[in-house]
Amino acid sequence: MSDAALTAPVHELAYAKLNLVLHVGNAREDGLHPICSIFASIDLYDDVHLERAEHDSVECPGVDGPNLAEAALAAFRRRVPDLPPLRIVIEKRIPIAAGLGGGSADAAAVLRGANHIAGDPLTSDELRGGIVRLLGAPRLVGMRRRGESERRADSGLRDLRPFIEDVEVLEVDEAKATARLRMLLRLDPSGAGRPEDVVRALDLPLRTVRAARVRLLFVDTPPIAR
């Protein structure tokens with residue numbers, strides 16, 4: 001990974017989630033409760049910005065005192081002591097203490113962003129494993145399709161999975177933490193698959209550097225229009 005990529009500011013989206021099933025266990029010694037949950041992501045999200053700074057700081061207007069983002073950064077730093085100091089700014093849209101998982105989503109976004117800035121290497125096995133999980137998933141709820149506003153209040157849940165025909169690994173350079181993927185995505189009147197959303201759905205420390213659309217197939221149009 002280039003030095004420019006490691007020093008550039010990082011922007012992560014922290015999606016809210018709805019608990020479909022939630023079981024809460026007895027409190028532990030630290031006061032926290034173990035949980036077992038089945039949840040679905042929704043379109044509502046917080047913006048999480050990370051950039052290098054002189055010292056660690058987490059700014060989250062409306063949230064007083066310690067929060068999960070700070071805890072996530074501290075935990076990551078214990079595992080990766082060479083991580084440079086970071087300034088983290090969270091723009092809240094997810095209502096606080098509303099049961100939508102905003103705090104944990106912000107913490108996960110901080111971990112993804114810090115992992116990218118730390119230059120964590122990407123392995124072939126991790127990438128191919130992520131693709132297997134993605135293609136095996138029956139639904140990818142909460143992903144935005146091409147042509148939709150990111151913040152439409154009436155957008156509801158969106159499923160990206162029907163728009164993904166195939167994802168193939170063409171090349172992986174583990175030393176540079178880069179990869180080339182070939183995607184076959186569908187387009188219909190309701191929307192289309194977005195390469196950036198497919199990469200995000202892999203749930204790996206990846207970012208889309210360049211997406212080249214090399215071929216369009218119009219399979220439902222008369223031959224004269226092809």
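The values are calculated or read from the model by the stated rules, or taken from the named source; none is laboratory data. Only a predicted model underlies this, so the values are computations on that prediction, with no experimental measurement involved. Please note: Cβ atoms are built from the backbone with ideal geometry, for glycine as well, and neighbour counts cover all protein chains shown.
Among the conditions (1) touching a strand residue (DSSP E or B) at 6+ places or on another chain (Cβ under 7 Å); (2) modelled with pLDDT of 85 or more, Ala71 misses just one, which is (1). Of the set (1) touching a strand residue (DSSP E or B) at 6+ places or on another chain (Cβ under 7 Å); (2) modelled with pLDDT under 75; (3) polar (S, T, N, Q), all apply to Ser2 but (1).
Considered as a group, the residues in the stretch 15-44 that are polar (S, T, N, Q) and without any contact (Cβ under 8 Å) to a residue 60 or more places away in the chain include one that is nearest to Ala201 (Cα to Cα), and that residue is Ser37.
To keep it simple, each residue is scored yes or no on (1) closer than 15 Å to Ala14 by Cα; (2) crowded, with 21+ Cβ neighbours inside 10 Å; (3) β-branched (Val, Ile, Thr).
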site: His55; (1), (2), (3): no, no, no
site: Asp64; (1), (2), (3): no, no, no
site: Ala74; (1), (2), (3): no, no, no
site: Arg77; (1), (2), (3): no, no, no
site: Ile90; (1), (2), (3): yes, yes, yes
site: Ile96; (1), (2), (3): yes, no, yes
site: Leu100; (1), (2), (3): yes, no, no
site: Ser104; (1), (2), (3): yes, no, no
site: Ala107; (1), (2), (3): yes, yes, no
